[in-house]
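All remarks here apply to the structure that follows.
Just so it is clear, none of the values below were taken in a lab; they were calculated from the coordinates. Since the model is a prediction, treat every value here as computed from it, not as a measurement. All Cβ positions, even for glycine, are placed from backbone atoms using ideal geometry, and neighbour counts span all protein chains on display.
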Amino acid sequence: MKLSYWQINLIILSALLTIWFLVSFGFGIIWSERLDEITIGGFKLGFWFSQQGSIYFFVLIIFIYVYLMNKLDKKFYRKSNQNNRKGSE
């Protein structure tokens, strides 16, 4: 089954938003007490995720999204150019 550009885009977006939800809501709120047993630099890991970790992950997810979308754009740009060349011949 061939997926369209927008279907692949929505799959990428859904996966990245799910990861962001798990990191920000899950690690920062739901599993915060268990993560507090681990310390990094004197701070409890649950506190770190709720205060700064989710922001760092959000910025990382933006870079991952840009990378994946550039790959997707190149893939579909090549396909559209090949189709245009076949049609003009």
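Could you say which residue among L45, L60, L72 is farther than 24 Å from I12 by Cα and either under 18 Å from the mean Cα position of the chain (by Cα) or among the aliphatic types (A, V, I, L, M) (or both)?
Details: L60 fails: farther than 24 Å from I12 by Cα; L72 fails: farther than 24 Å from I12 by Cα.
The unique qualifying residue is L45.
Kindly provide the set of residues from segment 1-38 that are surrounded by 12 or more Cβ atoms within 10 Å (Cβ to Cβ) and not in a helix (DSSP H, G or I), ordered by number.
W31, D36
Scan segment 1-23 residue by residue and report those that are farther than 12 Å from M69 by Cα and free of Cβ contacts under 8 Å to residues at least 40 places away in the same chain.
If the condition is that a residue be farther than 12 Å from M69 by Cα and free of Cβ contacts under 8 Å to residues at least 40 places away in the same chain, then M1, K2, L3, S4, Q7, S14, A15, L17, T18, F21, L22, V23 are the ones that fit.
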